[in-house]
Structure formats: structure tokens, C-alpha cells
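Step one of this worksheet: look at the structure below.
None of the figures in this text is laboratory data; all of them are computed from the coordinates on show. Just so you know, these numbers come straight off a predicted model, no measurement behind them. Cβ coordinates were reconstructed from backbone atoms using ideal geometry, including for glycine residues, and neighbour counts include every protein chain displayed.
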Amino acid sequence: MTGTSKAIPAIDLNRCTGCGWCVAACPPHVLSLHALGDGPGAIKRSVLDDEEGCTGCALCAVRCPFDAIRMVRREQSRR
């Protein structure tokens, strides 16, 4: 495992509004907004794209104005 953090962000898609504040606050740039659904009415939600690259700094959780992100213990991998 290349990431050394003990925690990663868990995003509650029911609370996430797709505002992008967490994406902007992420120093290693491992979060991004993804469209859920097709067409012009698709809603955007934040997604952790690179779990291994996450440093566990929790700036995303601190910055989220909707309390949609909580830090959870990283699963121990046997790679």
C-alpha cells in the first residue's frame, strides 16, 4: 500500500450537493466531481478517485459545509 494514512474520506451521497468545496480543498487532488446519471439533468457528487493517493489530512471533511464527509479507518490491504 502506498498511502500511509490511517483514514480516508467516506462521502455520503445523500448529503453531498456537488458544490466542489472538498475537491478544491484536497491537497493531493484525489477527489473529483462525477455526474450521476445521463443528460443535462445529471447531478454531480464528490467521489474519491484515488484511495491510495489520499493522505488522510481530512481537509475535505473539515471544508464540507454539508457534513457529507467523514473520515473512516482505511482497510488494511495485503498487496
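Structure summary
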| read-out | value |
| --- | --- |
| Filter pass, residue 73 being in contact (Cβ under 8 Å) with a residue 12 or more places away in the chain and either aromatic (Phe, Trp, Tyr) or closer than 20 Å to residue 7 by Cα (or both) | yes |
| Extreme residue, nearest to residue 74 (Cα to Cα), among residues of region 1-58 that are charged (D, E, K, R) and assigned to a loop (DSSP other than H, G, I, E, B) | 6 |
| Members of region 21-47 that are touching a residue at least 24 places away in the same chain (Cβ under 8 Å) and more than 10 Å from the chain's Cα centre (by Cα) | 21, 24, 25, 27, 28, 43, 44 |
| Flag for residue 65 being touching a residue at least 12 places away in the same chain (Cβ under 8 Å), surrounded by fewer than 13 Cβ atoms within 10 Å (Cβ to Cβ) and either aromatic (Phe, Trp, Tyr) or on the phi < 0 side of the Ramachandran plot (or both) | yes |
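Yes/no matrix, rows are residues, columns are (1) crowded, with 16+ Cβ neighbours inside 10 Å; (2) farther than 15 Å from residue 71 by Cα:
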site: 10; (1), (2): no, no
site: 17; (1), (2): no, yes
site: 24; (1), (2): no, yes
site: 36; (1), (2): no, yes
site: 42; (1), (2): no, yes
site: 55; (1), (2): no, no
site: 58; (1), (2): yes, no
site: 61; (1), (2): yes, no
